[in-house]
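Engineer: This structure is in structure tokens; I'll ask about it shortly.
Taken together, the values in this text are just the output of simple stated rules run on the coordinates, not laboratory data. This structure is a prediction, so every number in the text was calculated from the model and none was measured. Here the Cβ positions follow ideal geometry from the backbone for every residue, glycine too, while neighbour counts run over all protein chains shown.
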Amino acid sequence: MKEKNIKLYNVIFPIWLLIWMPSWLWLILIPLNYLVDVFVLRWGLKARPDRSALCRSLGWKICLAGFLSDFIASALLLALLLINSRDPLLLEIQNGIGIDPFRNVPAMLVTAAAIALAAVLIYLFDSKILKRSGIEPETVRGAALRLAIVTAPYLFFIPSKWFYRW
């Protein structure tokens with residue numbers, strides 16, 4: 001039996017879906033994300049004399065928690081994209097999420113909600129990581145809040161239409 005090569009042309013997907021696909025981009029994204037997380041963590045732990053040691057020991061945990069939060073939020077957006085419906089509002093939201101979140105208000109709100117969900121998850125995961133290391137609660141709250149706000153996946157707002165010809 002002869003094998004057929006199938007090629008997909010004109011497949012458009014949101015740019016944030018790239019985090020689901022192992023590729024050479026991960027070689028850039030993971031270290032860059034780690035550096036940003038460590039920088040923000042250092043900023044959040046500014047009052048502690050042992051912040052360099054804490055950043056070295058907690059940096060990868062914080063980085064992995066951020067990726068996990070981003071994956072969970074993007075999984076919800078992806079699930080919304082994959083719902084098969086004839087509802088016009090849902091179709092508009094799906095088109096907005098997939099092509100341009102600023103296309104309509106509901107798509108922008110859903111995308112913002114996914115970013116907010118990721119930020120909340122980052123805060124919760126990072127708080128737990130920081131508490132386990134024996135850091136005082138006030139510093140934990142401040143550092144986790146900084147990490148949540150600065151490292152939330154604002155990439156979800158990047159319109160895919162910027163990368164495709166229309």
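Engineer: At 222 nm, what helix-only mean residue ellipticity would the chain give, in deg cm²/dmol to the nearest 500, using -39500 (n - 2.57) for each DSSP H run of four or more? Spell out each step's value before the answer.
Structural biologist: On the way: 5 runs with 105 residues, N = 166.
So the helix-based figure for the chain works out to -22000 deg cm²/dmol.
Engineer: Separate question: Work out the count of Lys pairs in the chain where the Cα-Cα distance is under 24 Å, with the pair 8 or more places apart or on different chains.
Structural biologist: Pairs that pass both the separation and distance tests number 6.
Engineer: If you don't mind, there's one more thing I want to ask. Tell me which DSSP H helices of the chain clear both cut-offs, 24 Å or more of axial length from alpha-carbon atoms and a mean Kyte-Doolittle hydropathy of at least 0.0.
Structural biologist: Details: long enough: 26-44 (26 Å, 1.41); 51-82 (44 Å, 1.42); 105-132 (40 Å, 1.51).
TM-like helix candidates: 26-44, 51-82, 105-132.
Engineer: OK, next. Note down the net charge around R141, summing +1 for each Lys or Arg and -1 for each Asp or Glu among other residues with Cβ under 11 Å from its Cβ.
Structural biologist: Computed value for this residue: -1.
Engineer: Another question, then. Take the chain, connect every pair of alpha-carbon atoms lying under 10 Å apart with a spring to form a Gaussian network, then pick out the residue of L25, L91, L45 with the largest mean-square fluctuation.
Structural biologist: Taking springs between Cα atoms under 10 Å, the residue moving most is L25.
Engineer: To continue, here is another question. Could you please report the charge total around L35, scoring K, R as +1 and D, E as -1 over all other residues with beta-carbon less than 14 angstrom from its beta-carbon?
Structural biologist: +1
Engineer: In whole Å and largest first, what semi-axes does the C-alpha gyration tensor of the chain yield when each eigenvalue is scaled by 5 and square-rooted? Mind dumping the intermediate values first?
Structural biologist: Details: eigenvalues 250, 75, 32 Å².
Semi-axis lengths for the chain are 35, 19, 13 Å.
Engineer: Please work out how much length the chain gains when fully extended from L32 to A79, using 0.36 nm per residue of separation minus the C-alpha to C-alpha distance, in nm with one decimal.
Structural biologist: 14.2 nm
Engineer: Mind checking the dipole of segment 68-151: about its Cα centre, +1 per Lys or Arg Cβ, -1 per Asp or Glu Cβ, Debye to the nearest 20?
Structural biologist: Dipole magnitude for segment 68-151 comes out near 200 debye.
Engineer: Something else about it: Grab the beta carbon distance between N104 and S133, set R0 = 41 Å, and tell me the FRET efficiency rounded to 0.05.
Structural biologist: 0.40
Engineer: Choose one answer from D100, D87, D70: the residue with the largest mean-square fluctuation in a GNM of the chain with alpha-carbon springs under 10 Å.
Structural biologist: For the chain, modelled as a Gaussian network with Cα springs under 10 Å, the answer is D87.
Engineer: When the chain is treated as a GNM, springs tying every alpha-carbon pair under 10 Å, which of V105, V36, V140 comes out with the largest mean-square fluctuation?
Structural biologist: Ranking V105, V36, V140 by mean-square fluctuation puts V105 first.
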